[in-house]
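The next block holds one structure in the form of structure tokens; read it before the comments.
The values are calculated or read from the model by the stated rules, or taken from the named source; none is laboratory data. Keep in mind that what you see is a predicted model, and the values were worked out from it rather than measured. Cβ coordinates were reconstructed from backbone atoms using ideal geometry, including for glycine residues, and neighbour counts include every protein chain displayed. Ligands, DNA and RNA are excluded from the accessible area calculation, which covers all protein heavy atoms including side chains. Shrake-Rupley method; radii C 1.70, N 1.55, O 1.52, S 1.80 Å.
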Amino acid sequence: MILLFETPAGFALFKVLDEKKLNKVEDLWKEFSSAETARQVVKLKAFSKFENTAEALEAATLLIDSKPSKGLRKFLRAHCSGETLAVADSKLGNIIKDKLKIECVHSQAVMELMRGVRHQMTELISGLGVQDFAPMSLGLSHSLSRYKLKFSADKVDTMIIQAIGLLDDLDKELNTYAMRVREWYGWHFPELTKIVADNIHYAKTVKLMGDRVNAAKLDFSEILSDEVETELKEAAMISMGTEISDLDLVNIKELCDQVLSLSEYRAQLYEYLKNRMNMIAPNLTVLVGELVGARLIAHGGSLLNLSKQPGSTIQILGAEKALFRALKTKHATPKYGLIYHASLVGQAPPKFKGKISRSLAAKTALAIRYDALGDSQDNSLGLENRAKVEARLRNLEGRELGRFSGSAKGKPKIEVYDKDRKKGAGGLITAAKTYNPSADSVLGQMANTAADNGEVPKKRKAEEPTPTEEAVEAPATSKKEKKKKEKKEKKKVDEAETAVPIDGNEHAEEEEAGTKEKKKKKKKKKHSDVDAVAQNGDENVDSIDKEEKKKKKKRKHAEQEESAELPSKTKKKKKKSED
């Protein structure tokens, strides 16, 4: 067995003298306690020295990726034919086995053997002293660190983070400067603020015009449209602004130059950012755009860190404050963060923004992982995922339209007519019965026979209440009926009194006394009837009703007789008075 050992000076091959000692892994470190015992276990067979630092750096970077360099392959072909090779990296051993057809071994015993050789390396390799080994390892480590910083794919996105940060700062500065120009020049020409809305056009107009008196002579066609230009000139003639000195105009124009230069640099920086995003994260750029993608990378720290985040985290990235406030107050959590500014979320109606942001965040997570960890640099995955999200959006909008049109797919649903099926249910109903004309003739025959016999058709009696209901309602109804009868009797008595002349006062008083006695008797009878109803209950209800009917008939006859006697008495009195 041959052991492959890497050093800062080159590659070394050690011949294992006693392979039986590898079976006892726990006691293997004792064999390397001294240089003499170490020489009894392994022996240097060959050594390949690096010619310069560049070759050492190239071999080290390839070994980090588990790949053998050209020099290592030549070295192994020359000295390892027909031998078993012990390596520290299993991936490197698989590649050597595939390409060089050399059997490779990787185990815990091999790792212990490597550890022992590293401990006695200066004694086992002749010509390599401690004073030479330390500077070689330090120089190689520095070179390797610089190479990784220079060519690492993880560190390229730092340019994007810096560019998007600078772009946001430029936007803030531009807005601040533009508002300062408007406020400063507004004292001289306040109407211009409403006429020219764009900040860049406003700065160009102020720089070209200077004093508002010069507006009528100048041509603003390169900056403004014809309608805005005519409005500006008309407003300059009747402006209410104050006069301004030439020194103030010079300072205002210098501020306008600053605004214009910042806007030009911002456009240049945006183009740079756009190109870098298309190179580093093309799939992310296709899905959410350059600015949103760059802000996501800056918020995550790097493209590699962002690729480790799930889709749910990417969805609310940038809304952490709202998320924790919602969790603290037990309210609804936010549905989107920085991803809200993506074009696909903006196209969705407010009702579906949450659903689209969730599906877009899931596809964005896949695109970020493909950009960070994939080998190819095309945007095919991003285009495919964008098409899926757009189809999802159209599906949601179509489903909403389908609710108004009658079905889920946006087309009215046509059902087969079935006369025996109910409209809302699934069960069958019986067929409708045909009209029976004999029913009309039967009714007519009954009416005719009744007319021939001279009989009057009796009216249907009202449904009689149950005895229990009568017992409960009897006292209340009887009281109401008695009150009505008393009122009617009073009216009749009053009418009779008016009909009697003045001479018959004595006879009228006698009649009044008689009526009072009758009323008292009636009240006593009524009270006795009510008490009897309450005592007897359901059995005496029918008998009481019959007695009341008889009493009513008697009262009517008595009243008729009294009304007939009154006119006869008045006639007799008149005859006596005449005699």
In the range 263-309, anything under 30 Å from Ala203 (Cα atoms) and hydroxyl-bearing (Ser, Thr, Tyr) is listed as Ser263, Tyr265, Tyr270, Tyr272
Look at the range 338-362 and say how many of its residues are touching a helix residue (DSSP H, G or I) at 6+ places or on another chain (Cβ under 7 Å), surrounded by fewer than 20 Cβ atoms within 10 Å (Cβ to Cβ) and free of Cβ contacts under 8 Å to residues at least 24 places away in the same chain. 2
Filter result (surrounded by fewer than 20 Cβ atoms within 10 Å (Cβ to Cβ), within 15 Å of Lys67 (Cβ to Cβ) and among the β-branched types (Val, Ile, Thr)) within the range 80-103: Ile95
Would you point out the residue of the range 241-269, among those that are surrounded by 15 or more Cβ atoms within 10 Å (Cβ to Cβ) and not hydrophobic (A, V, I, L, M, F, W, C), that is farthest from the chain's Cα centre (by Cα)? Gly241
Given the options Ser376, Ser380, name the one that is exposed (fewer than 12 other Cβ atoms within 10 Å of the Cβ), among the hydroxyl-bearing types (Ser, Thr, Tyr) and modelled with pLDDT of 60 or more. Ser376
Can Ala35 be described as in contact (Cβ under 8 Å) with a residue 40 or more places away in the chain, farther than 19 Å from Ser137 by Cα, of a type outside the set (Phe, Trp, Tyr) and touching a His at 6+ places or on another chain (Cβ under 9 Å)? no
Look through the range 289-326, keep the residues that are part of a loop (DSSP other than H, G, I, E, B) and in contact with a Pro (Cβ under 7 Å, 6 or more places away or on another chain), and return whichever of them is farthest from Val345 (Cα to Cα). Ala319
Members of the range 219-240 found to be open to solvent by less than 30 Å² (accessible area, probe 1.4 Å) and among the hydroxyl-bearing types (Ser, Thr, Tyr), listed by number: Ser239
Please work out which residue is farthest from Leu262 (Cα to Cα), limiting yourself to the range 201-231 and to residues that are part of a loop (DSSP other than H, G, I, E, B) and aliphatic (A, V, I, L, M). Leu218
Within the range 152-200, considering residues that are modelled with pLDDT of 90 or more and not in a helix (DSSP H, G or I), the one surrounded by the fewest Cβ atoms within 10 Å (Cβ to Cβ): Ala197
Taking Lys335, is it assigned to a helix (DSSP H, G or I), open to solvent by 40 Å² or more (accessible area, probe 1.4 Å), of a type in the set (D, E, K, R) and in the same structural domain as Thr364 (by the TED database)? no
